[in-house]
Amino acid sequence: MPDNHQGNYQELEGLSVRVDDVIYMPSLDAPSDKPHPFVYFITMVNESTERVRIMGRKWVVREEGGEFVVVEGDGVVGQTPVLEPGADFSYNSYHVTAMSAEVRGSFFGTTATGKKVRVRVPVFKLELPDWA
């Protein structure tokens, strides 16, 4: 698990994340206390000159009612993707909520030279549609 509390992870110029889409998907399985599933699509882009391996993530999902969940762990969707210079990595995953929420966080990795790097995820919303 990345030790991101030590402050030893640095931003890497050219490494970025974009949120491609967020979709409310009521047809997905969800527990009764968090009945609202959202699928999100993320792309990491490496426009730096260094190869980067993404080793983990830490996100905070804060619901409108004030409840928050910290999502952290090794890898990304069961992988530790390597992004060569000029490469990108896209994936999708989902999260269930009790109400609308805001998501913020970072991915953590290492360069080929062993430098510890962090890339922030742009803040995005899990917004319940009016009909939900």
- line: Residues of the stretch 74-89 being within 15 Å of residue 110 (Cα to Cα) and not aliphatic (A, V, I, L, M), in sequence order, are 74, 75, 79, 80, 81, 84, 85
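Being in contact with a Ser or Thr (Cβ under 7 Å, 6 or more places away or on another chain), among the small types (Gly, Ala, Ser) and at pLDDT 95 or above is the requirement here; does residue 100 meet it?
Spelling it out, it is not the case that residue 100 is in contact with a Ser or Thr (Cβ under 7 Å, 6 or more places away or on another chain), among the small types (Gly, Ala, Ser) and at pLDDT 95 or above.
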- prompt: Yes or no: residue 50 charged (D, E, K, R) and over 30 Å from residue 128 (Cα atoms)?
  reply: yes
message: Condition first: of a type in the set (A, V, I, L, M, F, W, C), within 30 Å of residue 35 (Cα to Cα) and touching a Leu at 6+ places or on another chain (Cβ under 8 Å). Now tell me which residues in the stretch 99-118 satisfy that.
response: 99, 101, 103
query: Could we say that residue 68 is exposed (fewer than 13 other Cβ atoms within 10 Å of the Cβ) and either among the β-branched types (Val, Ile, Thr) or in contact with a strand residue (DSSP E or B) (Cβ under 7 Å, 6 or more places away or on another chain) (or both) here?
result: yes
task: Search the stretch 108-132 for residues being among the hydrophobic types (A, V, I, L, M, F, W, C), in contact (Cβ under 8 Å) with a residue 40 or more places away in the chain and in a strand (DSSP E or B), and hand back the single one that is surrounded by the fewest Cβ atoms within 10 Å (Cβ to Cβ).
output: 124
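Filtering the stretch 55-107 down to residues that are part of a loop (DSSP other than H, G, I, E, B) and within 12 Å of the chain's Cα centre (by Cα), which residue is nearest to residue 40 (Cα to Cα)?
This residue is 77.
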field: Whichever residue in the stretch 1-19 is assigned to a strand (DSSP E or B) and over 13 Å from the mean Cα position of the chain (by Cα) and, among such residues, is modelled with the highest pLDDT
entry: 15
message: Quick check on residue 107: is it under 16 Å from residue 12 (Cβ atoms) and modelled with pLDDT of 95 or more?
response: yes
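Take the residues in the stretch 89-107 that are buried (at least 16 other Cβ atoms within 10 Å of the Cβ) and among the hydroxyl-bearing types (Ser, Thr, Tyr), then tell me which one is farthest from residue 24 (Cα to Cα).
106
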query: What number of residues within the stretch 20-52 satisfy the criterion of being crowded, with 16+ Cβ neighbours inside 10 Å and not in a loop (DSSP other than H, G, I, E, B)?
result: 11
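Which of the residues belonging to the stretch 75-86 are at pLDDT below 95 and either surrounded by 12 or more Cβ atoms within 10 Å (Cβ to Cβ) or in contact with a strand residue (DSSP E or B) (Cβ under 9 Å, 6 or more places away or on another chain) (or both)?
Within the stretch 75-86, 75, 76, 77, 79 qualify.
The values are calculated or read from the model by the stated rules, or taken from the named source; none is laboratory data. The structure displayed is predicted, hence computed values, not measured ones. Here Cβ is always computed from backbone atoms with ideal geometry, including for glycine, and neighbour counts include all displayed protein chains.
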